[in-house]
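In what follows, a structure is listed as structure tokens, so that the remarks can point back to it.
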Amino acid sequence: MKFSRVAVAGASGLIGSALVRSLTADGQEVVRLVRRAPRSKDEVRWDPEGGHVDAAGLAGCEAVVNLAGAGVGSRRWTDAYKARIRSSRVRGTAALAEAVASLPEPPRVFVNGSAIGYYGETGDRIVDEDAPAGSGFLPEVCVAWEGAAAPVREAGVRTVFVRTGLVVAREGGAWGRLFPLFRAGLGGRLGDGRQYWSFVSLHDEVAAVRHLMETDGLSGPFNVTAPNPLTNREITAAMGRVLHRPTPFPVPAPVLRTVLGEMAGDVLGSQRVVPKRLLESGFTFAFPDIEGAVRSAL
């Protein structure tokens, strides 16, 4: 099922901008939520942290996708930035959910961003959507983030939570920082390299969001990660092979903790997350392996 009119919050981000390109290329009208005064008819004003959304601008939207939030890896986690990470997601989602729920004719589906950070540290243990939330900052943020969509669910709108892994892309995210290092021959494992990284190509991320949005009957949490998570050591070796560069410079854990502060725990942590529900829903990955995902980003 395709929709004639889709609203996207976070349309300027890595995933949001790619999703907008995909939808518009398919001839679907996209309404982008912006924090400034609208400059065209396809823009709607909102203030996510202030809790305001121009609900009238969402009228006629058959689907609403919320991918907004301050970048988790954009800077060092000071107390102030951690507060921004949380509020940009939780308050923004609550405001948008309340606006959507207030519409006389709500959309058919509400797709809300989330992350595999929900599960916290999982070590070598394979986890799917049935696993409980972990403990720590990111799991707490993800639980509150998903919970903030309650008004939409209570209004009877089909609601999907996209628990995204590490997106393989040149334009941003973790890989946006890795590609320049590896191209320069400065890539290497992080810490002991035994931690699992659950990755997904940007192409498959967008395709999965559209699949979840456009397939009737799908609701609740879905892990959007490639089917076979790999260790950081394995991913490092694959990056070297694809880019034809040596990977001789491991970054010791103490150095990462010094440079990144608390965020180093997320880089060194292990999450072996699989997309059980997504596969069961009939989704097929175009780039299920790391080498294909890396090549798709070049």
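The values are calculated or read from the model by the stated rules, or taken from the named source; none is laboratory data. In this text, all values refer to a predicted model and were calculated from it rather than measured experimentally. Cβ coordinates were reconstructed from backbone atoms using ideal geometry, including for glycine residues, and neighbour counts include every protein chain displayed. Accessible surface is based on the protein model in full, side chains and every heavy atom, while ligands, DNA and RNA are left aside. Shrake-Rupley method; radii C 1.70, N 1.55, O 1.52, S 1.80 Å.
Kindly state, as a whole number, the per residue volume in cubic angstrom of the convex hull around the alpha carbon atoms of the chain.
Taking only Cα atoms, the chain has a hull volume of 123 Å³ per residue.
Between Arg183 and Ser281, what FRET efficiency follows from the Cβ-Cβ distance if R0 is 51 Å, with the result rounded to 0.05?
0.90
What is the set of long-range amide H partners of Thr159 at a cut-off below 5 Å, with H atoms built 1.01 Å from backbone N?
Residues meeting the criterion, in which the H sits 1.01 Å from N, are Phe110, Gly220.
Whole number in Å², please: accessible area per residue of the range 110-261, 1.4 Å probe, ligands, DNA and RNA not counted.
That works out to 40 Å² per residue.
Based on Cα positions only, what radius of gyration and what Dmax would you give for the range 93-243, in angstroms?
Rg then Dmax for the range 93-243, in Å: 17.5, 57.
Once you put a point 7 Å from the Cα of Ser12 and another 7 Å from the Cα of Ala59, both along the Cβ direction, what distance in nm separates them?
Each label point is offset 7 Å from its Cα along the Cβ direction, giving 2.7 nm.
Report the relative contact order of the chain, percent, no decimals, based on alpha-carbon pairs under 8 angstrom and at least 6 residues apart.
Dividing the mean separation by the residue count of the chain yields 19 percent.
Once you list every other residue whose beta carbon is under 13 Å from the beta carbon of Thr247, what net charge do they have if Lys and Arg are +1 and Asp and Glu are -1?
Net charge in that neighbourhood comes out at +4.
For the range 1-50, go through all pairs of different Cα atoms, get the mean of 1/r, take its inverse, and jot down that Kirkwood value in Å.
For the range 1-50, inverting the mean 1/r across all distinct Cα pairs yields 11.3 Å.
Determine the share of the range 128-215's accessible area contributed by carbon and sulfur atoms, expressed in whole percent, with a 1.4 angstrom probe.
53
Given N residues in the range 115-197, what is Rg(Cα) / (2.2 N^0.38 Å)?
For the range 115-197, the normalised Cα radius of gyration is 1.39.
May I ask you to give the solvent-accessible area per residue for the range 38-89, in square angstrom, as obtained with a 1.4 angstrom probe?
50
Cα to Cα, under 27 Å, and not fewer than 8 places away if on the same chain: which lysines meet these conditions relative to Lys2?
Filter leaves Lys41, Lys276.
How big, on average over all directions, is the shadow cast by the Cα convex hull of the range 1-114, in nm²?
7.2
How far apart, in nm, are two points set 7 Å out from the Cα along the Cα-to-Cβ line at Glu291 and at Thr24?
Simple spin-label model gives 3.6 nm for this pair.
Got a sec to turn the phi values of the range 35-52 into Karplus ³J(HN,Hα) couplings, 6.51 cos²θ - 1.76 cosθ + 1.60 with θ = phi - 60°, whole Hz, x for Gly and Pro?
Using θ = phi - 60°, the values come out as 8, 9, 5, x, 10, 8, 5, 9, 10, 10, 7, 8, 10, x, 7, x, x, 10 Hz.
Could you please state how large a percent of the accessible area of the range 1-45 is carbon and sulfur, counting protein chains only and using a 1.4 Å probe?
Percent of accessible area from carbon and sulfur atoms in the range 1-45: 48.
Summing Lys, Arg as +1 and Asp, Glu as -1, what charge do residues with Cβ under 12 Å from the Cβ of Ala99 carry, Ala99 excluded?
Neighbourhood net charge equals -2.
Roughly what would the spin-label model give for Ala155 and Glu214, points 7 Å off Cα along C-beta, in nm?
According to this spin-label approximation, the distance is 2.4 nm.
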